[in-house]
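To keep things clear, I will list the structure first and then write my remarks on it.
We did not get these values from a lab; they are worked out from the coordinates using the rules stated. Here the structure is a predicted model, which is why all the values come from computation and not from measurement. A quick note on method: Cβ atoms are made from the backbone with ideal geometry, for glycine too, and the neighbour counts reach across all protein chains shown.
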C-alpha cells in the first residue's frame, strides 16, 4: 500500500516527533519514504516552505528527492473530476487559487492518491457538507487516514 501525505501531517510530525526524542519513529518512517511507500506532491513541499516549518525539518524534507513528486498528466485529469463536483468547486479554496495562478496542495494530494490507488494521510477531519480532504476522498472512494491510523496500519509500537 502507498500513502500520500498531506502538508499538515508533515507539520504535525515535525512539531511532535522530534528526531532526538523519538528516534524509533524516524527509524520506521524514513525507510517508507526511501521505498516510495510514503509519497506526496511537490505542492506540499511548496506549502511547507511558505508555512515556515522549522529549518532542520525543512532542510531534511528538501533532501528527500523521491518524496515530493511533480504532478503527472493523469493527476491533472483527476483534478478535473474533483472540480466537476459543484460543491467541491465552490467550497474548496484550491479552485480559487488555481484560477489566480496560486497553488494549493489538497486537490493534488487527492489526485495522486486516486491515480496510485493509494491512501491519503491527513490531519483534517471529516465535516458534514464540507469540501475537506476526507469529504472529497469519501466521495471518490479513496481511503483516508490520520497519522495515528497510518501508524496503526504499519503496526508501529513505541
- Query: Each label point is 7 Å from the Cα along the Cα-to-Cβ direction; what then is the distance between the points at residue 19 and residue 125, in nm?
  - Reply: 3.2
- Task: Treat each spin label as a single point 7 Å out from the Cα along the C-beta direction, and report the residue 66 to residue 152 distance in nm.
- Result: 2.9
- Note on the structure: Highest GNM mean-square fluctuation among 55, 81, 123, for the chain with Cα springs under 10 Å, belongs to 55
- Contour minus Cα-Cα span, residue 54 to residue 81, at 0.36 nm per residue, comes to 6.2 nm
- Item | For the chain, calculated [θ]222 nm from helices alone, where every DSSP H run of n ≥ 4 adds -39500 (n - 2.57) | -16500 deg cm²/dmol
- Item | For 63, 112, order by how many other beta-carbon atoms lie within 10 Å, fewest first | 63, 112
- To one decimal place, what orientation-averaged projected area in nm² is obtained for the convex hull of the Cα set of the chain? 9.1
- GNM flexibility winner over the chain from 133, 33, 21 (Cα, springs under 10 Å): 21
